[in-house]
Amino acid sequence: MSAQTYGKSSTEKQIEDNAVAREITQTILLYGVSQQQILRIAYLLSLELEDRESMIKISECVKQFLDSIDNISDDVKSSKSNILTTE
């Protein structure tokens, strides 16, 4: 006689959680977000983690990429254009 299990196994729950995470990701991408926005969302979500060590490591990692993008944006904004305009 085989044992009957009621409810879902931990593997089935994990698979469902992963599917929900993918659906959330697809919903965010449907908004047409930029790479910088994706990094900002990842950073903000990392700050919501309950595991402090994971929160610190992930947020620091993502923050490095955000900082480099912000620096590039600042360089582009501060550079003067050599295009002549008539006014």
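Throughout, read-outs are computed from the coordinates displayed, never taken from laboratory work. Quantities reported herein were computed from a predicted structural model and do not represent experimental measurements. A quick note on method: Cβ atoms are made from the backbone with ideal geometry, for glycine too, and the neighbour counts reach across all protein chains shown.
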- Once the Cβ-Cβ distance between Lys63 and Val20 is put in as r, and R0 is 25 Å, what FRET efficiency do you end up with, to the nearest 0.05? 0.40
- Could I have the simple spin-label model distance between Glu50 and Ser9, label points 7 Å from Cα toward Cβ, reported in nm to one decimal? 2.4
- Task: Wrap a convex hull around the Cα atoms of the stretch 34-75, take a quarter of its surface area, and give that in square nanometres.
- Result: 2.6
- If contacts are Cα pairs under 8 angstrom and at least 6 residues apart, what is the relative contact order of the stretch 34-75 in percent? 40
